[in-house]
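Below is one structure; the comments refer to it alone.
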């Protein structure tokens with residue numbers, strides 16, 4: 001129903017609009033005005049006219065030009081039916097003697113009938129009349145003759161005069177220049193890369209045989225006593241001075257150094273020095289440009305892998321570098337190469353340690369602590385909280401029971417995050433003498449610290465700990481924490497555990513009791 005009403009609505013609009021438009025345009029009644037109106041329309045469907053011309057009104061030459069198809073009659077000369085009303089404009093001004101006979105479908109009719117016919121066409125929307133076009137009152141050609149020529153563009157070059165066109169064209173042209181430049185640059189870069197790869201493969205083949213020959217045919221003493229002339233017979237000087245050759249040689253030696261042991265490592269290190277590669281490595285870490293950090297990182301790796309302990313002072317300067325990768329590699333190299341047991345270079349670091357850095361440093365420290373005892377307590381003095389936390393983790397990971405007394409002195413002054421690490425140490429070592437510190441942490445409003453204290457109390461707690469845990473249990477709503485509290489009470493005082501879980505009306509405590517006492521769920 002709605003669609004039908006909508007259809008009739010639009011049909012009504014289309015039917016009414018032509019009528020409204022027709023009402024706005026009136027057909028002139030005056031014969032002269034009507035002819036002018038028809039002249040503007042040029043043609044009207046079905047409407048035509050004939051001209052009745054007295055013999056003396058117009059000469060024969062004009063009649064021939066107008067092609068009126070004249071038929072002689074008693075009243076004068078009668079033209080054929082014409083439908084082009086523009087001919088009205090070609091008649092001379094003294095055409096008052098002319099008589100216009102209008103026709104509708106080639107049938108003669110009166111002026112009023114022709115006007116009514118045209119009005120019906122307009123009213124029904126079958127014909128849309130043109131409006132009169134205003135012609136200029138002045139002769140533009142004549143005015144142009146009297147006006148001097150002035151160029152449209154004030155610029156000498158017409159192309160740059162249109163600023164918008166110039167900007168758009170310039171942008172397009174610039175784009176193509178940059179695109180072409182980038183294409184050429186990529187081609188050059190690709191060619192250089194291919195050339196470098198070819199040289200690396202070629203140099204690698206040239207290096208393998210001489211390097212193998214020296215390592216297996218000569219002793220360590222012989223390599224130390226070799227002169228440069230003899231070395232140049234294996235590694236030509238004109239090649240060693242080339243950066244690509246040096247890099248391939250360094251990579252080869254370091255690769256072998258990782259796999260070799262004993263005298264072979266000493267031979268490679270001696271050879272590394274004799275060929276001047278150690279100087280190349282230390283020159284890399286002396287670069288201070290932030291954009292060259294990858295080169296500095298390469299130098300640190302090379303110094304660390306080749307155990308170049310003589311460059312430790314240069315490496316230490318980079319342990320607090322603003323670049324994460326450089327800083328991490330420098331600390332790792334210092335842990336490996338430093339002959340001293342102090343960790344001052346790590347203590348004085350101002351940047352926070354990431355988890356990745358801590359794992360990496362821990363792996364190295366575990367290895368080097370077998371040969372030297374590191375002064376881990378120095379890390380407790382750091383102004384960097386992450387360094388202090390890392391030091392506490394090292395105490396637990398390395399089993400440094402000798403540092404418990406030091407921890408006891410500094411623990412009350414530490415922040416909550418560091419106290420969490422201290423509690424882990426006490427729990428790991430079973431430090432019963434630190435039960436007072438554990439009990440203090442049980443009263444903490446910090447949930448993480450309190451949770452860790454509950455776990456530590458299970459190992460080092462006393463009767464006071466049980467009382468504190470009981471009060472926490474009655475006021476705690478968190479299921480996980482309540483379970484931890486009950487487990488700790490169960491370990492410290494089984495009678496209190498039975499009392500709390502059996503006589504208490506809280507059904508959840510009874511369920512926790514069953515869970516704790518079930519041997520199959522003891523580790524859940």
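The values are calculated or read from the model by the stated rules, or taken from the named source; none is laboratory data. Just so we're clear, the structure is a prediction, and the values are computed from it rather than from any experiment. Glycine also receives a Cβ, built like all others from the backbone with ideal geometry; neighbour counts cover every protein chain displayed.
Number of residues in segment 386-396 that are under 15 Å from residue 355 (Cα atoms), surrounded by fewer than 20 Cβ atoms within 10 Å (Cβ to Cβ) and touching a helix residue (DSSP H, G or I) at 6+ places or on another chain (Cβ under 7 Å): the value is 1. The residues on offer are 469, 374, 414, 442, and the sole one that is outside the structural domain of residue 512 (by TED's automatic domain parsing) and at pLDDT 90 or above is 414. Scanning segment 48-99 for residues that are on the phi > 0 side of the Ramachandran plot and at pLDDT below 70 yields a single hit, 67.
Are any of the residues in segment 360-367 surrounded by 18 or more Cβ atoms within 10 Å (Cβ to Cβ), at negative phi and assigned to a helix (DSSP H, G or I)? Yes, there is a match, as at least one residue in segment 360-367 is surrounded by 18 or more Cβ atoms within 10 Å (Cβ to Cβ), at negative phi and assigned to a helix (DSSP H, G or I). The set of residues from segment 220-246 being within 23 Å of residue 199 (Cα to Cα), surrounded by fewer than 17 Cβ atoms within 10 Å (Cβ to Cβ) and in contact (Cβ under 8 Å) with a residue 40 or more places away in the chain comprises just one member, 244.
Would you check which residues across segment 298-339 are under 17 Å from residue 356 (Cα atoms), outside any loop (DSSP other than H, G, I, E, B) and under 32 Å from the mean Cα position of the chain (by Cα) and list them? 324, 325, 326, 327, 328, 329, 330 - these are the residues of segment 298-339 that are under 17 Å from residue 356 (Cα atoms), outside any loop (DSSP other than H, G, I, E, B) and under 32 Å from the mean Cα position of the chain (by Cα).
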